[in-house]
Amino acid sequence: MKVLIIDDERAIRYSLKEILEMENYQVEAADNGKEGLEKAEKEKYDAIFCDIKMPEMDGTEVLVKLREEGIETPVVMISGHADITTAVDCIKKGAFDFIEKPLDLNRILITLKNATDKANLVKETRILKKKIYGREMVGASEPIVHLKDMIGKVAPTHASVLITGPNGSGKELVAQSIYQLSERSMMPFVEVNCAAIPSELIDSELFGHKKGSFTSAIRDHKGKFEQADGGTIFLDEIGDMSLAAQAKVLRVLQERKLTPVGGDKEITVNVRVIAATNKNLREEISKGLFREDLYHRLSVIVLHVPALDQRKEDIPLLVEHFSERICTESGKPVRTFSPEAVKRLQDRAWPGNIRELRNVVERLLILGGSTISEQDVKDYVI
């Protein structure tokens, strides 16, 4: 474990360093805020102890700079001039904890253990989420570069997003990318396939129900919106949602409140909505099948995912990516595709888009030779 101490008092630096080194921590020290910030920018530390009152750059400035630069190392603020207001201000700005001078040995060690435990938990959570949500958006074509750029701009905001594009083009992946890059990435990401839920159950699924509200309601059920509170809800295939359910979703977006089926109390929720559809919602509006007011609520930002036939120059990258992923997941050596095989795949139409391409790559890896040839593509790709 590597710890950085930032303090202008030599005696504090020395004593804290000695205490931590006796506990087998690797310790570095800086005698001012500027030097400490430079060290934190160059090296990775498991925790930072930072004094508040320092000349030129005080500890609060160091803390703010660290967070602005995306350095998430737990920071424990220390001060001999402590008061509640200062402590609360430091915590609001992202400090892990606040310790008063003179420093207490047990408090230091307990705080440090808690700080590193939390950092490890956050890291493990991110690794787990990456396994679940971390599918890459592969491609270097102009449409994909533009889409990635838009995602980078939209993700840090709280705006609702409507994702359009044909089936199998990767709309869910776009939604997950927005979530991962957002401030809500440590909160829930709840997916709802609106087309897969029977119309008579949609209210219960989205808004929950109370025990006894209908025959099979044997216990209270928390709906998807409440499950996503503080995080993000992804309404996939929202164009297939009934008008009645659309009206209730609109109310949640407008008032941030919902009422479970059979309930009489409103529940307040804070949810970011990302919706996706393969339909032209403006046409659906003209047919009376989709609410125009809901459309405008959802379409603060509209992102279009291009069909694979519009980005065929990405096929070689996608084939390589899928081949590596499928082989790795099955515990087999990674196989390659001959240039002729890849060219044959590029020349083909892809009505099923990315999903179809992945299935084709998996089929070829199962049935083809050690190197996938053009003949393999001819034989096994209809």
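The values are calculated or read from the model by the stated rules, or taken from the named source; none is laboratory data. Please read these numbers as outputs of a predicted model, since none were measured by experiment. Positions of Cβ are generated from backbone atoms using ideal geometry, with glycine treated the same way; all protein chains shown enter the neighbour counts.
Tabulated data
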| quantity | calculated |
| --- | --- |
| Number of the exception - H321 against (1) under 24 Å from the mean Cα position of the chain (by Cα); (2) part of a loop (DSSP other than H, G, I, E, B); (3) at pLDDT below 95 | (2) |
| Selection within region 182-213 - more than 21 Å from M241 (Cα to Cα) and surrounded by fewer than 15 Cβ atoms within 10 Å (Cβ to Cβ) | E183, M186, K211, G212 |
| Members of region 286-301 found to be surrounded by 16 or more Cβ atoms within 10 Å (Cβ to Cβ), more than 14 Å from A244 (Cα to Cα) and either free of Cβ contacts under 8 Å to residues at least 12 places away in the same chain or out of contact with any strand residue (DSSP E or B) (no Cβ under 6 Å at 6 or more places or on another chain) (or both), listed by number | Y295, R297 |
| Residue among I315, I326, I372, I354 that is β-branched (V, I, T) and surrounded by fewer than 20 Cβ atoms within 10 Å (Cβ to Cβ) | I326 |
| Residue in region 239-248 that is among the hydrophobic types (A, V, I, L, M, F, W, C), modelled with pLDDT of 95 or more and surrounded by 12 or more Cβ atoms within 10 Å (Cβ to Cβ) present | no |
| Failed item, numbered, when V334 is tested on (1) out of contact with any Cys (no Cβ under 9 Å at 6 or more places or on another chain); (2) more than 24 Å from A245 (Cα to Cα) | (1) |
| Matching helices (runs of 4 or more DSSP H) fully within region 209-314 where at least 2 residues are touching a helix residue (DSSP H, G or I) at 6+ places or on another chain (Cβ under 7 Å), within 16 Å of A195 (Cβ to Cβ) and in the same structural domain as G170 (by TED's automatic domain parsing) | 243-255, 281-286 |
| Complete set of residues in region 1-29 that are part of a helix (DSSP H, G or I) and under 33 Å from the mean Cα position of the chain (by Cα) | none |
| Within region 30-65, tally of residues that are of a type outside the set (D, E) and part of a helix (DSSP H, G or I) | 13 |
| Close pairs (8 angstrom Cβ cut-off, 6 or more residues apart or separate chains): within 19 Å of C327 (Cβ to Cβ) in region 349-375, among the β-branched types (V, I, T) and in a loop (DSSP other than H, G, I, E, B) anywhere | V360/V381; R363/V381; L364/V381 |
| Qualifying residue in region 367-377 (condition: farther than 18 Å from G139 by Cβ, among the acidic types (D, E) and at pLDDT 95 or above) | yes |
